[in-house]
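See structure below.
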Amino acid sequence: ELKVMHDQLIAVSDEMAVDLNDSVGALYQAISGGIPANSWLRFMQTAMKLSRAGAAELTPVVGVLAGIMKNYGLEVSETERVSDLLLNTVKLGVTTMDELGASLGDLLPSAKASGLSLEETLGTLAALTQTSGKTTKSVTQFRALLVELMRPTTKLAQAVKEKLGAGDTFVGMMSNGT
């Protein structure tokens, strides 16, 4: 099985014109990130395409893709959709694939816990980077806002609740579609 995997990795690396050493490191990242062994080839092909399209290093791209898949409980069959969303975030925002790879992991757990969809999270992040011009700053501010909103005792959470008149918490309001 390991020989087959090795041969497949060589073939996909050659096909996508990716250095084999980069592919090996990225594959390790993918498997460590929870990508199932029976789906790694499809995942890696998409990651290689995203890396090329986003002018980014392969291993961080694999890391951000695997992180999104794990945080949002997505199947490998959804990797291309996630890849498209990331490219749109780069296109619509003021960010790069490398910057997203370096900082998105800090935001994903809070975004998921708050009830935001991946589309809502990446769309908001693209808009924030247009304003601030800095991905790390946008991620930090977005995460801080979500954390503040998820604490039902904060002034901000209370103000939102009073204004919208729904749910006990921000997460409750999000799940109710408010």
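Miscellaneous remarks
- 3J(HN,Hα) from dihedral phi, the stretch 76-91, Karplus parametrisation 6.51/-1.76/1.60, rounded to Hz, x for glycine, proline: 4, 4, 9, 4, 5, 4, 5, 4, 4, 4, 5, 4, 5, 4, 5, 5
- Cross-link pairs exceeding 32 Å in C-alpha to C-alpha distance, out of Lys70/Lys163; Lys112/Lys134; Lys3/Lys112; Lys49/Lys161; Lys49/Lys134, comprise Lys70/Lys163; Lys3/Lys112; Lys49/Lys161.
- Tensor-based shape of the stretch 3-63 (alpha-carbon gyration tensor, a/c under 1.5 rounded, otherwise prolate or oblate): oblate
- The chain: most fluctuating residue of Ala113, Ala30, Ala47 per GNM, C-alpha cutoff 10 Å: Ala113
- Charges were assigned to the Cβ only: +1 to each Lys and Arg, -1 to each Asp and Glu. The resulting dipole of the chain about its Cα centre is roughly 740 debye.
- Acute angle (nearest 10 degrees) that the helix 2-16 long axis makes with the longest principal axis of the chain, alpha-carbon atoms: 80
- Computed over the chain with a Gaussian network model linking Cα atoms closer than 10 Å, the most mobile of Asn71, Asn38, Asn88 is Asn38.
- Apportionment of accessible area to carbon and sulfur, the stretch 1-145, percent (1.4 Å): 54
- Within the stretch 22-37, backbone nitrogen closer than 18 Å to the virtual label 7 Å beyond the Cα of His6 toward Cβ: 22-28
- Among Val12, Val82, Val62, the residue with the largest mean-square fluctuation in a Gaussian network model of the chain, with springs joining Cα atoms closer than 10 Å, is Val12.
- Structure-derived Rg and Dmax of the Cα atoms in Å: which label, when the choices are (i) 16.5, 53; (ii) 17.4, 49; (iii) 18.2, 61: (iii)
- Each label point was placed 7 Å from the Cα along the Cα-to-Cβ direction; for Ala37 and Leu74 their separation is 2.5 nm.
- Dipole orientation for the chain: of the candidates Gly133, Met69, Gln158, Gln158 has the Cα lying most toward the positive pole (charges on Cβ; Lys, Arg +1; Asp, Glu -1).
- Å² per residue, accessible surface of the chain at 1.4 Å: 53
The values are calculated or read from the model by the stated rules, or taken from the named source; none is laboratory data. Keep in mind the model is a prediction, meaning the values are calculated, not measured. Here Cβ is always computed from backbone atoms with ideal geometry, including for glycine, and neighbour counts include all displayed protein chains. Only protein heavy atoms, including side chains, enter the accessible area calculation; ligands, DNA and RNA are left aside. Shrake-Rupley method; radii C 1.70, N 1.55, O 1.52, S 1.80 Å.
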